[in-house]
Amino acid sequence: MKILNYTPHTIDIVTEGRIISIPSDGVARVTSSLSPVKKINGIDIMKQEYGVVLGLPSQQDNVYIIVSRMIYDAMDKRSDLLVVGESIRDNSGKVIGCKNLSRY
């Protein structure tokens with residue numbers, strides 16, 4: 001199986017005592033728009049709607065693609081998409097990697 005990374009940064013996965021770094025292969029983006037739903041205590045509550053996904057390759061056999069959650073949500077019919085799973089943080093709370101990849 002091949003895993004491609006279509007986020008703008010390297011994904012570091014810490015597993016079985018080693019780090020697997022997956023560099024960016026490209027960047028997928030999605031257009032979105034906001035429309036008002038209602039107001040609560042004077043605060044606008046908006047609904048985000050996804051539009052066109054750009055830069056995402058077509059689905060291929062034996063290939064998985066790491067994408068942002070926005071792309072994943074916009075392309076919910078695709079079975080080849082993955083997102084970063086459980087984060088690993090350093091002592092200051094900065095994300096330095098993840099333990100796994102996820103589908104939901």
*When you scan the stretch 49-104 for strands (runs of 3 or more DSSP E) that lie fully inside it, which ones turn up with 3 or more residues that are modelled with pLDDT of 95 or more?*
63-66, 81-84
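What residue, among those in the stretch 1-11 that are open to solvent by less than 50 Å² (accessible area, probe 1.4 Å) and either modelled with pLDDT under 95 or in a strand (DSSP E or B) (or both), is farthest from residue 82 (Cα to Cα)?
11
If you check residue 34 against the conditions, is it out of contact with any His (no Cβ under 7 Å at 6 or more places or on another chain) and surrounded by 15 or more Cβ atoms within 10 Å (Cβ to Cβ)? Write out each step before concluding.
Numbers: out of contact with any His (no Cβ under 7 Å at 6 or more places or on another chain): yes; surrounded by 15 or more Cβ atoms within 10 Å (Cβ to Cβ): no.
Against the criterion (out of contact with any His (no Cβ under 7 Å at 6 or more places or on another chain) and surrounded by 15 or more Cβ atoms within 10 Å (Cβ to Cβ)), residue 34 does not qualify.
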*Kindly provide the set of residues from the stretch 24-48 that are in contact with a Phe, Trp or Tyr (Cβ under 9 Å, 6 or more places away or on another chain) and in a strand (DSSP E or B), ordered by number.*
30, 31, 32, 33
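For the stretch 61-100: of the residues being in contact with a Leu (Cβ under 8 Å, 6 or more places away or on another chain) and hydroxyl-bearing (Ser, Thr, Tyr), which is least open to solvent (accessible area, probe 1.4 Å)?
First, pick out the residues of the stretch 61-100 that are in contact with a Leu (Cβ under 8 Å, 6 or more places away or on another chain): 63-67, 71-72, 75, 82-85.
Of the ones still in play, those that are also hydroxyl-bearing (Ser, Thr, Tyr) are 64, 72.
Details: 64: 77, 72: 17 Å².
Ranking the qualifying residues of the stretch 61-100, first place goes to 72.
The values are calculated or read from the model by the stated rules, or taken from the named source; none is laboratory data. Remember, predicted model here, so these are calculated numbers, not experimental data. Positions of Cβ are backbone-derived with ideal geometry, glycine not excepted, and every protein chain shown enters the neighbour counts. When the accessible area is computed, the model is the full protein with side chains, heavy atoms only, and any ligands, DNA or RNA have been set aside. Shrake-Rupley method; radii C 1.70, N 1.55, O 1.52, S 1.80 Å.
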